[in-house]
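J.: Sending over a structure as structure tokens; questions will come in a sec.
No lab work stands behind these numbers, since they all come straight from the coordinates. Quantities reported herein were computed from a predicted structural model and do not represent experimental measurements. Positions of Cβ are generated from backbone atoms using ideal geometry, with glycine treated the same way; all protein chains shown enter the neighbour counts.
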Amino acid sequence: MQLSKLEVKGFKSFGDKITVNFDAGITGIVGPNGCGKSNIVDAIRWVLGEQKTKALRSEKMENIIFNGTKNRKPLQMAEVSLTFNNTKNILPTEYAQVSLTRRYYRTGESEYLLNGVTCRLKDITNLFLDTGIGSDSYAIIELKMVDDILNDRDNSRRNLFEEASGISKFKVRKKETFRKLEDTDKDLERVEDLLFEIV
Ligand code: ATP
């Protein structure tokens, strides 16, 4: 699976649409301080579903929308799309090209799309579980993460191995199942209360 294209519009410093094509081999992004190199990595993390504004180096989600310059008005929406080449079917989908899009509006609404079709964040998270890609995975390694792994902070070393070995998916499903069981228990309690009232 290969990351083939990133399109960014209205995200952080990118008031105009930019397209980054990732050809075979290594792609380097160079530029002067403050020109937006890290914003490109933030855009990748964000489109993969990152919800923690701190991880995006922002105080609140609204701040990821281009907030204008001296000569330009702020925009109302941020949009990032990321395209993967999936010819080896590493992503569990029949499509040879998988494109994710995330949009966020100043009104607080957000949208996720998979190959142009509206989907839930959960669909995106599930698609990438155990592939090593994902907002929480080891596909993006920043300096702080290297520190955390070396110091084994918050079980980070174990989490890394679990993601690489394909266990994370089952842990997530187990958690989901326990949550559903809890909900069912609550529903049952409610049914018993109602029965008590009726009978
Ligand atoms: P360095 O080499 O110093 O690490 P960099 O190239 O990685 O810098 P970034 O941190 O990606 O730079 O970009 C910082 C720039 O992004 C700053 O100029 C900041 O004003 C701008 N920026 C961040 N959020 C927004 C936003 N919402 N709207 C407009 N510009 C923004």
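J.: How do Ile44, Ile124 rank when sorted from fewest to most other Cβ atoms within 10 Å of their own Cβ?
T.: By the 10 Å Cβ count, ascending: Ile44, Ile124.
J.: For labels at Lys122 and Lys169 in the simple 7 Å Cα→Cβ model, what's the distance in nm?
T.: 1.7 nm
J.: Further, regarding this structure: Which entries in Lys12/Lys60; Lys54/Lys169; Lys9/Lys88; Lys52/Lys122; Lys5/Lys37 show an alpha-carbon gap greater than 18 Å?
T.: On the way: Lys12/Lys60 12 Å; Lys54/Lys169 25 Å; Lys9/Lys88 29 Å; Lys52/Lys122 16 Å; Lys5/Lys37 16 Å.
Pairs exceeding 18 Å: Lys54/Lys169; Lys9/Lys88.
J.: Still on this structure, I have one more. Report the extension gain between Glu162 and Leu3 in nm, rounded to one decimal, defined as 0.36 nm multiplied by the number of residues separating them, less their alpha carbon distance.
T.: Going from the current span to full extension adds 55.0 nm.
J.: Once the Cβ-Cβ distance between Ser38 and Leu181 is put in as r, and R0 is 41 Å, what FRET efficiency do you end up with, to the nearest 0.05?
T.: 0.50
J.: Please work out whether segment 83-154 counts as rounded, prolate or oblate from its C-alpha gyration tensor, where a ≥ b ≥ c are the square roots of the eigenvalues and a/c under 1.5 means rounded, while otherwise a/b larger than b/c means prolate and anything else oblate?
T.: oblate
J.: Length gain on complete extension for the stretch Val30 to Ile198, per 0.36 nm per residue less the alpha carbon to alpha carbon distance?
T.: Result for the pair: 53.3 nm of gain on full extension.
J.: Express the C-alpha Rg of segment 2-135 as a ratio against the empirical globular expectation 2.2 N^0.38 Å, rounded to two decimals.
T.: Its radius of gyration relative to the 2.2 N^0.38 Å reference: 1.05.
J.: Please identify the GluC sites (Glu not before Pro) of segment 139-199 that satisfy two criteria: DSSP loop assignment and at most 15 other Cβ atoms within 10 Å. Which are they?
T.: Counting only loop positions with at most 15 other Cβ atoms within 10 Å, the GluC sites (Glu not before Pro) in segment 139-199 are Glu142.
J.: Quick check: from the Cα gyration tensor, does segment 98-199 come out rounded (a/c under 1.5), prolate or oblate?
T.: The shape class here is oblate.
J.: Can I ask one more? Would you work out the relative contact order for the chain, in percent, from Cα pairs under 8 angstrom that are 6 or more residues apart?
T.: 17 percent.
J.: Continuing with this model, one more query. Once you list every other residue whose beta carbon is under 15 Å from the beta carbon of Ala96, what net charge do they have if Lys and Arg are +1 and Asp and Glu are -1?
T.: Overall, the nearby charge balance is +1.
J.: To make sure I understand, if each residue's beta carbon is the centre and we count other beta carbons within 10 Å, what order do Phe11, Phe84, Phe161, Phe22 fall in, fewest to most? All intermediate terms of the calculation are to be shown ahead of the outcome.
T.: Values: Phe11 28, Phe84 24, Phe161 11, Phe22 16.
Exposure proxy ranking, most exposed first: Phe161, Phe22, Phe84, Phe11.
J.: Measure off 7 Å from each Cα along the Cα-to-Cβ vector at Gln97 and Thr53, then give the distance between these two points in nanometres to one decimal.
T.: Modelled inter-label distance: 3.6 nm.
J.: Within a 10 angstrom radius of the beta carbon, how do Ile64, Ile140, Ile167 rank from fewest other beta carbons to most?
T.: Details: Ile64 22, Ile140 17, Ile167 14.
Going from sparsest to densest Cβ surroundings: Ile167, Ile140, Ile64.
J.: Tell me, which longest segment in the chain has none of the trypsin sites (Lys or Arg not before Pro) that fall in DSSP loops with at most 12 further Cβ atoms within 10 Å?
T.: Answer - 121-199.
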